[in-house]
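Participant: Next up is a structure, given as structure tokens.
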């Protein structure tokens, strides 16, 4: 049997040296990760007979992916971010942690520092009043026993009618469609916003370029992102995908999960609209969240993933 060069002691030693194993400086954790990356990359090159042209095309692709800031989009599109959710689900199960609203991917479009309000907020800036459908979103944050959690932070964000997000879309006002709402004494939150649109990857961007080669689309259903947190409870990163969207169960980012479908209801009743201080057709959406107790303080916090910060 032919010995693969990537398996030889000489190559393994070479990669250990490249990963800094021959010195006491730097990060031992990163060294361990890096030597594995080098070893697995070498095996892929050898096992799949990767040509020089294919290799350098991949390097160029990574350069373009980073220059466009689409790495976070690609890891969602390739299912890696969803895999992290499944892995964390399995870890929770092994620890006997169960119940509550399911987690799902954060995505790459969160911006820290959104305005914080008590109980109720208007999220949109009115710039799409002539084309958008007003949406009234509300719900309760509960514990696993169904008791309301007052003072919980509901940090939510979503796209406009064009599928674009403020901050990343410079035509929108600061923090448009982004708010942090503190639940009231009954654990309730309420928001007036607009019905968001789903979006697709930039057809000329590197993420869609990769998806094209895989024969896949890059479309997402309409959805609303949430961070839910409260002292003494596990932080929840999740999102709800809106019912009846054509991509509801064909989300390129694999974020749709059972228990995370937002049943949106459209109302065409002039009296009902008037009672809410608006005119014309509007939408209603109620979604409740259940949080697990935090078994240790660090579980109350979200991950340290780098995120955009518009203002301090």
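The values are calculated or read from the model by the stated rules, or taken from the named source; none is laboratory data. Every value quoted in this text rests on a predicted model; they were computed, and no experiment measured them. Counting neighbours? That spans all protein chains shown, and the Cβs are built from the backbone with ideal geometry, glycine included.
Participant: Being more than 24 Å from residue 86 (Cα to Cα) and either out of contact with any strand residue (DSSP E or B) (no Cβ under 8 Å at 6 or more places or on another chain) or modelled with pLDDT of 95 or more (or both) narrows it down to one of 234, 180, 220, so name that one.
Facilitator: Only one candidate passes the filter, namely 180.
Participant: Further, regarding this structure: Inside the stretch 90-111, can you point out the residues that are surrounded by 15 or more Cβ atoms within 10 Å (Cβ to Cβ) and either over 12 Å from the mean Cα position of the chain (by Cα) or farther than 27 Å from residue 194 by Cα (or both)?
Facilitator: Correct list: 92, 97, 100, 101.
Participant: Is it true that some residue in the stretch 206-214 is free of Cβ contacts under 8 Å to residues at least 40 places away in the same chain and under 25 Å from residue 289 (Cα atoms)?
Facilitator: Taking every residue of the stretch 206-214 in turn, none turns out to be free of Cβ contacts under 8 Å to residues at least 40 places away in the same chain and under 25 Å from residue 289 (Cα atoms).
Participant: Suppose we filter 21, 61 for residues that are more than 30 Å from residue 251 (Cα to Cα) and surrounded by 11 or more Cβ atoms within 10 Å (Cβ to Cβ); which single one remains?
Facilitator: Exactly one of 21, 61 is more than 30 Å from residue 251 (Cα to Cα) and surrounded by 11 or more Cβ atoms within 10 Å (Cβ to Cβ), namely 21.
Participant: Since residue 36 meets every condition but one in (1) part of a helix (DSSP H, G or I); (2) within 30 Å of residue 238 (Cβ to Cβ), which condition does it not meet?
Facilitator: (2)
Participant: Could you run through the stretch 79-107 and say how many residues are under 16 Å from residue 220 (Cα atoms), outside any helix (DSSP H, G or I) and touching a helix residue (DSSP H, G or I) at 6+ places or on another chain (Cβ under 8 Å)?
Facilitator: Here the count works out to 4.
Participant: Further question: Pick from the stretch 281-302 the residues that are surrounded by 10 or more Cβ atoms within 10 Å (Cβ to Cβ) and part of a loop (DSSP other than H, G, I, E, B): which of them is farthest from the chain's Cα centre (by Cα)? Before you say what the answer is, go through the steps one by one.
Facilitator: If we filter the stretch 281-302 for residues that are surrounded by 10 or more Cβ atoms within 10 Å (Cβ to Cβ), which is where we start, we get 281-295, 299-302.
Then drop every residue that is not part of a loop (DSSP other than H, G, I, E, B), which leaves 281, 287-288, 292, 294-295, 301-302.
Values: 281: 30, 287: 18, 288: 19, 292: 20, 294: 22, 295: 24, 301: 16, 302: 12 Å.
The qualifying residue farthest from the chain's Cα centre (by Cα) is 281.
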